[in-house]
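Asker: Mind looking over this structure? Questions follow.
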Amino acid sequence: MRTTKVTAGLAGRAAPVLFKAACPDCRGRFELASDAFRLAIGASSRTTFYSFTCPDCRRAVRKPAGERIVELLTGGGVRTLRLHTG
């Protein structure tokens, strides 16, 4: 996962962050803005993941998120859900 800051923005507003992503189903490659992603942080690596909808085939994509991915996504403004246990 790579991030790109878009420099064309309105004065006084932070430039949107774009993330490069790929769909495992249709093999499409594209850039999506941070608001296209959701990040869920669970108690373990099995329950920590990010998701988005592929703009090409419209399928829901869910991928595991390690520490570096979590850092990139949260730093880029992706909405985060913290999962609680029992």
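Asker: Could you list, in sequence order, all residues of the range 17-60 that are aliphatic (A, V, I, L, M) and either open to solvent by 50 Å² or more (accessible area, probe 1.4 Å) or closer than 19 Å to residue 83 by Cα (or both)?
Answerer: Within the range 17-60, the subset aliphatic (A, V, I, L, M) is 17-18, 21-22, 32-33, 36, 39-41, 43, 60.
Answer for the range 17-60, where residues must be aliphatic (A, V, I, L, M) and either open to solvent by 50 Å² or more (accessible area, probe 1.4 Å) or closer than 19 Å to residue 83 by Cα (or both): 39, 40, 41, 43, 60.
Asker: Follow-up. Hand me the list of strands (runs of 3 or more DSSP E) wholly inside the range 16-86 holding 1 or more residues that are in contact with an Asp or Glu (Cβ under 9 Å, 6 or more places away or on another chain).
Answerer: Details: elements: 17-22, 29-33, 38-41, 49-53, 60-64, 79-82.
Per the criteria, 17-22, 29-33, 60-64, 79-82.
Asker: Same structure again: Test of understanding: among 54, 26, which residue is over 14 Å from the mean Cα position of the chain (by Cα) and modelled with pLDDT of 95 or more?
Answerer: Values: 54 fails: over 14 Å from the mean Cα position of the chain (by Cα).
Answer to the selection: 26.
Asker: Being of a type in the set (D, E, K, R) and under 15 Å from residue 17 (Cβ atoms) is the filter here, so list the residues in the range 39-86 that pass it.
Answerer: First, the residues of the range 39-86 that are of a type in the set (D, E, K, R): 46, 56, 58-59, 62-63, 67-68, 71, 79, 82.
Of everything in the range 39-86, those that are of a type in the set (D, E, K, R) and under 15 Å from residue 17 (Cβ atoms) turn out to be 71, 79.
The values are calculated or read from the model by the stated rules, or taken from the named source; none is laboratory data. All figures in this text were calculated on a predicted structure; none of them were measured in a lab. Don't worry about glycine lacking a Cβ; one is built from the backbone with ideal geometry, like all the others, and counts go over all protein chains shown. These accessible areas exclude ligands, DNA and RNA; they are computed on the full protein's heavy atoms, side chains included. Shrake-Rupley method; radii C 1.70, N 1.55, O 1.52, S 1.80 Å.
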